[in-house]
Amino acid sequence: MTGSARRRTGDSRYGGRVPLVAAAVCPHPPLLVPDVAGSAAPELDDLRAACDTAVRRLLATDPDIVVLLGTGPVTGPIRTPATGSLQPWGVDLDVPLVPDQPDRGAVLPLSLTIGAWLLARHDTRPPVTAVQVAADAGPAELAALADEVGAAGDRVASLVLGDGSACRGEKAPGYDDARALPYDQRVAAALADADLDALLDLDPVVSTELKAAGRAPWQVLAGAARAAGGGWRGELLHDSVPYGVAYFVASWERA
């Protein structure tokens, strides 16, 4: 059955309309962009390759829309046109949300700027929309946003941007915190197993103290996956801590 036929008929395995069909989870360090990293770019080659694999798998599910989801100053959608910039990191590079958009439009936060850059590395480009979530968003905000993500189309794929703790060692941005390693291990296991409960149970206070920028986006993903129903299969493609910050790459599909 072709992708268009699936969109017309729904997916009979799950009883009709199945909004969220796949997700990719990637970190959003500006150093992921080689122009920003400069001579240090090879240090993140493995991370960059894992992100490309996750996005490629995401696009291979034939979504009719891709929702970029990451942290930002407020919670809610960002309307197109929208553009991110890497000028704050020393590179005169603009990253449009949609190729060939008419003007710069709204400003993308760093997380969604990196998400748009990751998508732009691939030829297949379904319609894209962007949603940001405040780092301190509470359960009600997260649940409402999960519903918005699920309502974005008939076959929704989401590229979720978020870093783990930033407290893995004395040179880490948040210095060293003994809680960081078990926190990151818990997140890695949850992303590997598509464990929705484990992600939804992440403590927002501890997450903030550990400077884990991915907590809110991961919980929106878990809420959207739960609302979509059915089983989920996860695979952890990358887990590293190159600069005292935990970076995870994962791919989720329906089981």
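The values are calculated or read from the model by the stated rules, or taken from the named source; none is laboratory data. Note that the coordinates shown come from a computational prediction; the quantities given were computed from them, not determined experimentally. Because the Cβ atoms are built from the backbone with ideal geometry, glycine has one as well, and the counts that use them run over all protein chains shown. Note: areas computed on protein heavy atoms with side chains; ligands, DNA, RNA excluded. Shrake-Rupley method; radii C 1.70, N 1.55, O 1.52, S 1.80 Å.
Condition check for Ala180 on (1) open to solvent by less than 30 Å² (accessible area, probe 1.4 Å); (2) closer than 24 Å to Leu59 by Cβ: one failure, at (2).
Scanning segment 131-148 for residues that are open to solvent by less than 70 Å² (accessible area, probe 1.4 Å), at pLDDT below 95 and under 16 Å from Arg79 (Cβ atoms) gives a single hit, Leu145. Is one or more of the residues making up segment 162-179 outside any loop (DSSP other than H, G, I, E, B) and either of a type outside the set (S, T, N, Q) or at negative phi (or both)? Within segment 162-179 (the criterion being outside any loop (DSSP other than H, G, I, E, B) and either of a type outside the set (S, T, N, Q) or at negative phi (or both)), the answer is no, since none of the residues qualifies. Do you know which residues across segment 80-113 are among the hydroxyl-bearing types (Ser, Thr, Tyr) and either surrounded by 20 or more Cβ atoms within 10 Å (Cβ to Cβ) or in contact with a Ser or Thr (Cβ under 8 Å, 6 or more places away or on another chain) (or both)? Result: Thr80, Ser85, Ser111, Thr113.
Screening Gly229 against (1) among the small types (Gly, Ala, Ser); (2) farther than 22 Å from Glu43 by Cβ; (3) touching a strand residue (DSSP E or B) at 6+ places or on another chain (Cβ under 9 Å) leaves a single unmet condition, (3). Scan segment 41-70 for residues that are farther than 15 Å from Ser251 by Cβ, without any contact (Cβ under 8 Å) to a residue 60 or more places away in the chain and not charged (D, E, K, R) and the total you get is 2. Among the conditions (1) more than 30 Å from Pro19 (Cα to Cα); (2) open to solvent by less than 70 Å² (accessible area, probe 1.4 Å), Ala198 misses just one, which is (1).
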